[in-house]
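Each remark here refers to the structure printed beneath this line.
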Amino acid sequence: MNLEVVETAAGDIYVDRADGERGSKAPFFHTYADEAGETRWGYLCGNCETVNNAMDSMGRIECNECGNIRKPEEWDAAHE
């Protein structure tokens with residue numbers, strides 16, 4: 001795994017640009033708290049390069065800066 005260091009307000013995180021989740025504008029890349037990639041931290045928005053995003057209980061990811069969104073993989077009308 002080749003991780004890139006990104007500075008954030010919360011400190012340095014490590015981004016795997018080869019592994020991500022498809023978003024409406026760009027991918028959400030997996031991020032890690034450690035250089036070895038053993039501790040998952042969250043996601044980096046590939047559209048605006050921010051970690052300011054949120055995930056709900058259905059797995060939907062939304063960037064709070066640019067509105068990039070990843071829809072949940074499974075959808076159930078009962079949750080609407």
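The values are calculated or read from the model by the stated rules, or taken from the named source; none is laboratory data. Being a predicted model, the structure only gives us computed values, none of them experimental. Every residue, glycine as well, gets a Cβ built from its backbone with ideal geometry; the counts of neighbours run over all protein chains shown. Keep in mind that these areas ignore ligands, DNA and RNA; they rest on the heavy atoms of the full protein, side chains included. Shrake-Rupley method; radii C 1.70, N 1.55, O 1.52, S 1.80 Å.
Yes/no per residue for (1) part of a strand (DSSP E or B); (2) free of Cβ contacts under 8 Å to residues at least 40 places away in the same chain; (3) of a type in the set (A, V, I, L, M):
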site: 7; (1), (2), (3): yes, yes, no
site: 12; (1), (2), (3): yes, yes, no
site: 16; (1), (2), (3): yes, yes, no
site: 35; (1), (2), (3): no, yes, no
site: 38; (1), (2), (3): no, yes, no
site: 50; (1), (2), (3): no, yes, no
site: 62; (1), (2), (3): yes, yes, no
site: 66; (1), (2), (3): no, no, no
site: 72; (1), (2), (3): no, yes, no
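Taking segment 8-20 as the range and being over 16 Å from residue 65 (Cβ atoms), open to solvent by less than 40 Å² (accessible area, probe 1.4 Å) and at pLDDT below 95 as the test, the residues that pass are 11, 20. Screening residue 5 with (1) surrounded by 11 or more Cβ atoms within 10 Å (Cβ to Cβ); (2) at pLDDT 95 or above gives one miss only, at (1).
Let's see how each residue does on (1) of a type in the set (S, T, N, Q); (2) open to solvent by 90 Å² or more (accessible area, probe 1.4 Å):
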position	(1), (2)
26	no, no
40	no, yes
45	no, no
53	yes, no
62	no, no
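Could you grab me the full set of residues in segment 18-33 that are out of contact with any Asp or Glu (no Cβ under 7 Å at 6 or more places or on another chain) and either on the phi > 0 side of the Ramachandran plot or in a loop (DSSP other than H, G, I, E, B) (or both)? The answer is 22, 23, 24, 25, 26, 33.
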